Amino acid sequence: MDMDAAVSTLTALSVFASTVEQAAFRSVHGYRVIGRKDGKWVRWERWVELQFLLSLSGARCLEVPVPAASPRILMAGWHGRPVFREGQTAGTWRCIVAFDSVAAVAPSSPPPPVLSPAVNPQLERLPNLYKDLQKVFQFPKVEKVPQRCGAKEQPIHSDEAGSSGSDSDGDPQSDKELVPPVQKQPRANRKHIDSITLDEIAQYFHLPIREASKTLKIGVSILKRKCRNYGIPRWPHRKIKSLDSLISDLEFVLEDDEEDKQQELQQLEEQQQAAAIKALTKRKMLLESEKETLQQKPASDLMTETKQFREDVFKRRYRAKSSVMEMEAAGHTAEASLGPDD
């Protein structure tokens, strides 16, 4: 059974912080893999759980093996597709970053300081974690970032050290360098602001408005004002993201491998199969067309049909999530009813 080179695409990333050990973190990575197996194209999902020691001071920054005796976040024998959300706990681990393109789970932006290379440049020493965080948050690559990181890193470390204050007192420049990156960011000159066109702004509609303003090197309020001048009352990031999620869901169904299609559609007649696939394909084309129109006319609203379809998708996800939660609650109730051993 030969396996040719496969292509992996990140679909999910969750980072957990230990509630017991301050510098311990774990990450769960989900990938959609496409490759050739025995001469046929197949697709499958691959999940990886990693553990790190990471601190803002940079004293500890390395990947470590997940202890064999330690309970894993990805439980042995789990089935289905795990979905994590920020604030969720798994044993002694609490989720601080959650991203899932299939389940439409978006992470909070910006990420926690310990996971931001702008604050913690040592993060780049963890390539497995850093590369996937880069894909999710699209960290800007600015030459001045390392200098700003150094300015912010030392005061944060002194706060963690408690009342001794020895680190900050030893460097008289630390207090001076802490403030400018936050409070004295260079103001965009009028010429630069006036030169930004609608086409330039439209390139960043897929980003949250704060990230877009950083990329354009202007403030959020200035970007909002320019959008209003161009007839855009609200930043269209959420609407575009919603369309991307719906398109991704349809692609997940349309691109399923042949074996899965046969198992799911074998009970249907050939005409029903063709009609279902044709309807999904047509829906995907309509969503892609509407997304393109929205990027050209960001002030326009989603079509009524799209809103209805989105509502149906949300309802299906809610029902699926509710059934999982009911099963988990039933399991906890059963365990509680057993009580402690006599």
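Kindly check whether there is at least one residue in segment 151-161 that is part of a loop (DSSP other than H, G, I, E, B) and at pLDDT below 90. No - not one qualifying residue is present in segment 151-161.
Please work out if ARG81 is closer than 16 Å to TRP47 by Cβ, surrounded by 13 or more Cβ atoms within 10 Å (Cβ to Cβ) and at pLDDT below 90. Yes. Return the residues of segment 118-137 that are open to solvent by less than 50 Å² (accessible area, probe 1.4 Å), within 20 Å of PHE99 (Cα to Cα) and either part of a helix (DSSP H, G or I) or of a type in the set (Val, Ile, Thr) (or both); say none if nothing qualifies. Result: LEU123, LEU129, TYR130, ASP132, LEU133, GLN134, VAL136, PHE137.
Name the residue that is modelled with the highest pLDDT, counting only residues in segment 275-300 that are more than 21 Å from GLU200 (Cα to Cα) and loosely packed, with under 12 Cβ neighbours inside 10 Å. So, considering only residues that are more than 21 Å from GLU200 (Cα to Cα) and loosely packed, with under 12 Cβ neighbours inside 10 Å, the one modelled with the highest pLDDT is LYS282. Candidates are the residues of segment 31-60 that are over 22 Å from the mean Cα position of the chain (by Cα) and under 23 Å from LEU123 (Cβ atoms); the one that is most open to solvent (accessible area, probe 1.4 Å) is ARG60. Among residues that are small (Gly, Ala, Ser) and either in contact (Cβ under 8 Å) with a residue 24 or more places away in the chain or within 24 Å of ALA212 (Cβ to Cβ) (or both), ALA118 is included. Does segment 88-97 contain at least one residue that is open to solvent by 50 Å² or more (accessible area, probe 1.4 Å), free of Cβ contacts under 8 Å to residues at least 60 places away in the same chain and more than 30 Å from LYS217 (Cβ to Cβ)? Yes, segment 88-97 contains a residue that is open to solvent by 50 Å² or more (accessible area, probe 1.4 Å), free of Cβ contacts under 8 Å to residues at least 60 places away in the same chain and more than 30 Å from LYS217 (Cβ to Cβ).
Within segment 83-102, how many residues turn out to be in a loop (DSSP other than H, G, I, E, B), closer than 30 Å to VAL313 by Cβ and out of contact with any helix residue (DSSP H, G or I) (no Cβ under 7 Å at 6 or more places or on another chain)? Summing the residues that are in a loop (DSSP other than H, G, I, E, B), closer than 30 Å to VAL313 by Cβ and out of contact with any helix residue (DSSP H, G or I) (no Cβ under 7 Å at 6 or more places or on another chain) in segment 83-102 gives 6.
The values are calculated or read from the model by the stated rules, or taken from the named source; none is laboratory data. Keep in mind that this is a model prediction, so the values were computed, not measured. For neighbour counting, all protein chains shown are included, and Cβ atoms are generated from backbone atoms with ideal geometry for every residue, glycine included. All accessible areas refer to the heavy atoms of the entire protein, side chains included, with ligands and DNA or RNA removed. Shrake-Rupley method; radii C 1.70, N 1.55, O 1.52, S 1.80 Å.
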